[in-house]
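Notes follow the structure.
The values are calculated or read from the model by the stated rules, or taken from the named source; none is laboratory data. If you're wondering where the values come from, they're calculated on a predicted model, not measured in any experiment. For neighbour counting, all protein chains shown are included, and Cβ atoms are generated from backbone atoms with ideal geometry for every residue, glycine included.
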Amino acid sequence: MGFSTIIDILGSIIIGGILMTIAWRLSDAATEKTYNNSGELALQQNLATVAQIIEWDFRKIGYCADWNKLPDPTKAILYADTSAIKFLTDVDADGNLDSIYYYLGPTSELLETENPRDKILYRVENDETPAPSNLGITRFYMVYFDALGDSIHLPVANYGLIASIEINVVVENVAAYDEKYSSAYWRQIRMVARNLKNR
Amino acid sequence: MGGKASLFVVAGFSLVFLVIANNFGTVSNRSVDNYVDYFSETTAHNIAISGANIAANKIYLDPTWDEGYDDLPFQGGHLDIEVNTVDAYQNIKQIVSKANYRGDTSSVRVTLAPSKFSKFAYYSVYEGGSIWWTNNDTVWGPFHTQDYMRAYRHPVFYGKATTRKKLIYYSSQWQDKPYFYGGFEQGVDLPLPTDGVDNIEPSADANGLKFTGEDTVYITFDYDTLKYRFSYNDPDTAVYLPTVAPNGVIFAKNSIIRIQKSYVNGQYSIVSSGSEYSGKGNIYLDDDVVFSEDPRTHSSSTDLLGIIAQNEVLITDNEANHDDINIQASIYCENGGFGAENYDSRPVSGNINLLGGIIQHTRRAVGTFNSSGPASGFSKRYKYDERLLVASPPMFPGTGSFEIVSWLE
């Protein structure tokens with residue numbers, strides 16, 4: 001074994017080591033990026049789902065297929081607070097009035113997820129068991145506006161004052177690589193439930 | 001040997017990069033798809049709403065419009081609009097607006113019903129100069145004025161409030177802004193018809209009770225019996241209302257009606273026509289007019305009364321009305337207003353306890369006040385009869401157009 005052979009072996013070891021280091025870092029970075037990107041995709045899908053569900057329900061505030069059962073739309077909102085709202089609607093469009101109650105649970109309910117800030121958004125139809133959805137919601141809050149477009153101070157003295165609603169939802173990953181949580185934000189600047197303006 | 005190893009290394013890394021790039025590309029594509037889907041659904045929904053608004057406006061301009069649209073290009077999508085009459089008897093219409101945007105569909109259903117003036121808790125064409133709605137005023141049902149709406153120190157409107165002109169504050173928005181619990185819109189033009197009373201006459205001819213050629217008709221509702229006479233000292237003639245006025249219309253042509261203490265059982269409209277220059281077409285309330293069953297204590301009460309005058313409806317200045325008057329009716333004054341006779345010279349007369357609504361051309365006074373309280377006439381205690389949102393006295397004048405009663409999107 002000559003000197004040049006030793007040099008070849010040492011060179012191979014060094015080059016191989018560099019390549020292995022690159023491969024190892026590449027794997028780590030790829031895992032992180034894949035995790036984060038997939039997480040962001042899931043996050044975005046969650047946000048879109050939440051937005052669609054909320055829009056679907058909120059647009060029907062005060063609706064009833066049998067309009068004689070809710071002739072006065074000012075009575076459609078039963079309760080309204082920062083992160084909770086209860087209103088009358090007709091979920092199945094069957095002419096029977098239903099109530100829907102949205103509220104956000106505390107963070108202590110979701111200790112099994114890694115994200116310390118996520119909460120469960122509940123949707124309660126009539127007196128049924130609350131339907132929880134864990135979509136990584138960290139904030140769900142509303143701002144209420146009167147008929148002249150001015151914001152209403154909370155607590156709302158009379159729910160009939162509410163003419164439009166600003167809805168805000170912030171969603172984060174329920175778990176993230178190295179706890180680097182991504183977040184996405186959705187805001188419906190003025191949700192006007194058309195039935196509130198009837199009559 | 002070294003060359004082959006290099007090729008394997010390069011090929012290996014290329015494969016790894018390809019897989020990762022493909023993965024990232026898929027995530028990116030799905031992310032964009034997500035946005036595009038939400039955008040498409042939202043756009044389709046907005047197109048459907050626009051279609052419903054277009055059709056509603058068409059019906060507002062022409063109540064007979066039912067042509068709809070078929071495959072109408074709109075905002076990059078397409079619209080199909082149908083207008084159907086879902087209840088021919090009540091003339092209930094439904095607009096169905098369906099939108100298609102890049103394969104996403106959305107639909108909006110709007111139900112419209114003929115609009116009657118009786119739905120208003122308060123309506124006026126002219127607010128009588130510069131009368132202000134004050135912090136002592138509360139309107140419990142729908143409100144409309146064709147005049148300016150003047151607000152002083154936060155009046156309260158529980159129903160939807162609309163004005164053709166605009167809202168005027170006495171001092172500033174901060175000090176005077178009304179509480180609108182049912183919404184508020186400006187620029188809503190809803191004129192009072194000039195033939196609302198005349199249009200009732202054919203119904204009186206057909207299946208109602210009609211008086212003609214009498215200067216004054218004294219009328220008493222005694223549950224199912226109607227008593228009438230043509231001069232104060234005459235004896236009453238009694239008739240059974242369901243027989244003589246099956247459609248509920250009692251009409252005095254070119255005459256004055258004086259309503260005595262009455263208990264109304266059923267649904268009736270009492271109408272007085274005549275020229276204001278001849279002093280006809282007025283209705284005087286000589287005493288209380290109430291339902292046989294008060295809907296506030298009997299939720300199943302179906303009693304309704306329309307007091308419909310071509311000109312004025314006035315509370316008579318007499319002994320019976322010097323200590324409160326109870327009125328349960330929707331009052332309509334086509335050319336005049338609802339007020340109290342001798343409002344500024346009669347004694348302090350207690351309260352007008354009204355359950356119903358007032359629809360009038362010109363706002364009239366019912367009393368005067370000074371710094372120590374009422375100086376003459378009445379104080380107002382008006383409550384809205386919420387049943388008027390879904391029911392109206394027989395043949396009560398309509399607005400000639402439809403109102404949206406239900407909107408499904």
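Taking B:Gly357 as the residue in question, decide whether it is surrounded by fewer than 24 Cβ atoms within 10 Å (Cβ to Cβ), among the small types (Gly, Ala, Ser) and part of a strand (DSSP E or B).
Working: surrounded by fewer than 24 Cβ atoms within 10 Å (Cβ to Cβ): no; among the small types (Gly, Ala, Ser): yes; part of a strand (DSSP E or B): yes.
So B:Gly357 does not fit the description; no.
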(Q) Cβ-Cβ distance below 7 Å, separation of 6 or more or different chains: which pairs start in the range B:282-304 with a residue that is on the phi < 0 side of the Ramachandran plot and end on one that is part of a loop (DSSP other than H, G, I, E, B) and hydroxyl-bearing (Ser, Thr, Tyr)? (A) B:Tyr284/B:Thr316; B:Leu285/B:Thr316; B:Asp286/B:Thr316; B:Phe291/B:Ser301; B:Glu293/B:Ser301; B:Asp294/B:Ser301; B:Pro295/B:Ser301; B:Asp303/B:Ser292
Q: Hey, can you tell me all the residues within the range B:373-409 that are within 14 Å of another protein chain (Cβ to nearest Cβ) and in a loop (DSSP other than H, G, I, E, B)?
A: B:Asp385, B:Val390, B:Ala391, B:Ser392, B:Glu409
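Of all residues in the range A:176-199 being away from chain B (no Cβ under 11 Å) and in contact with a strand residue (DSSP E or B) (Cβ under 9 Å, 6 or more places away or on another chain), which is surrounded by the most Cβ atoms within 10 Å (Cβ to Cβ)?
Taking the range A:176-199 and keeping what is away from chain B (no Cβ under 11 Å), we get A:176-183, A:185, A:187, A:189-191.
Narrowing the set further to residues that are in contact with a strand residue (DSSP E or B) (Cβ under 9 Å, 6 or more places away or on another chain) leaves A:181-183, A:185, A:187, A:189-191.
On the way: A:Tyr181: 21, A:Ser182: 17, A:Ser183: 16, A:Tyr185: 10, A:Arg187: 11, A:Ile189: 10, A:Arg190: 12, A:Met191: 16.
This residue is A:Tyr181.
So which of A:Asp146, A:Asp150 ends up being out of contact with any Lys or Arg (no Cβ under 7 Å at 6 or more places or on another chain) and over 14 Å from A:Ile77 (Cα atoms)?
None of the other options fit; the residue is A:Asp150.
Report yes if some residue within the range B:343-356 is hydrophobic (A, V, I, L, M, F, W, C) and in contact with a Leu (Cβ under 7 Å, 6 or more places away or on another chain); otherwise report no. Write out each step before concluding.
Quick first cut of the range B:343-356, residues hydrophobic (A, V, I, L, M, F, W, C) only: B:348, B:352, B:354-355.
Narrowing further to those that are in contact with a Leu (Cβ under 7 Å, 6 or more places away or on another chain): none.
No, the range B:343-356 contains no residue that is hydrophobic (A, V, I, L, M, F, W, C) and in contact with a Leu (Cβ under 7 Å, 6 or more places away or on another chain).
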Q. Scanning for something surrounded by 22 or more Cβ atoms within 10 Å (Cβ to Cβ) and more than 14 Å from the chain's Cα centre (by Cα), does the range B:151-172 turn up at least one residue?
A. yes
Q: Could you please give the count of residues in the range A:124-153 that are away from every other protein chain (no Cβ under 14 Å), farther than 30 Å from A:Tyr181 by Cα and not in a strand (DSSP E or B)?
A: 4
Q | Among residues of the range A:22-64, those that are within 8 Å of chain B (Cβ to nearest Cβ), of a type in the set (Phe, Trp, Tyr) and out of contact with any Asp or Glu (no Cβ under 8 Å at 6 or more places or on another chain), counted | A | 0
Q) What are the residues in the range B:225-257 that are in a strand (DSSP E or B) and buried (at least 23 other Cβ atoms within 10 Å of the Cβ), if any? A) B:Leu226, B:Val249, B:Ile250, B:Phe251, B:Ala252, B:Ile257
**Q.** Breaking point among (1) closer than 30 Å to B:Thr362 by Cα; (2) outside any strand (DSSP E or B); (3) modelled with pLDDT of 95 or more, for B:Ala48
**A.** (1)
Q. Scanning for something more than 14 Å from chain A (Cβ to nearest Cβ) and either assigned to a helix (DSSP H, G or I) or touching a Ser or Thr at 6+ places or on another chain (Cβ under 7 Å) (or both), does the range B:18-26 turn up at least one residue?
A. no
Q. Within 29 Å of A:His153 (Cα to Cα) and aliphatic (A, V, I, L, M), is that true of B:Val239?
A. no
Q: Could you tell me whether any residue of the range A:17-28 is surrounded by 13 or more Cβ atoms within 10 Å (Cβ to Cβ) and acidic (Asp, Glu)?
A: no
Q: Could you pull out every one of the strands (runs of 3 or more DSSP E) wholly within the range A:1-106 that has 3 or more residues that are under 30 Å from B:Phe39 (Cβ atoms)?
A: A:84-89, A:98-104
Q: Determine, yes or no, whether B:Tyr343 is farther than 23 Å from B:Phe120 by Cα and not small (Gly, Ala, Ser).
A: yes
Q: Of all residues in the range B:278-314, count the ones that are outside any strand (DSSP E or B), within 21 Å of B:Phe230 (Cα to Cα) and not charged (D, E, K, R).
A: 5
Q. Within the range A:162-169, is there a residue that is outside any strand (DSSP E or B) and within 13 Å of chain B (Cβ to nearest Cβ)?
A. yes
Q.
Show me the strands (runs of 3 or more DSSP E) found entirely inside the range B:124-224 where at least 2 residues are within 14 Å of another protein chain (Cβ to nearest Cβ).
A. B:143-145, B:149-151, B:161-163, B:167-169, B:184-186
Q: Please specify each residue of the range B:272-281 satisfying the condition of being touching a residue at least 12 places away in the same chain (Cβ under 8 Å) and surrounded by fewer than 24 Cβ atoms within 10 Å (Cβ to Cβ).
A: B:Ser273, B:Gly274, B:Ser275, B:Glu276, B:Ser278, B:Gly279, B:Lys280
**Q.** Unmet criterion (only one of (1) of a type in the set (S, T, N, Q); (2) more than 23 Å from B:Phe180 (Cα to Cα); (3) surrounded by fewer than 16 Cβ atoms within 10 Å (Cβ to Cβ); (4) without any contact (Cβ under 8 Å) to a residue 12 or more places away in the chain) for A:Ser38
**A.** (3)
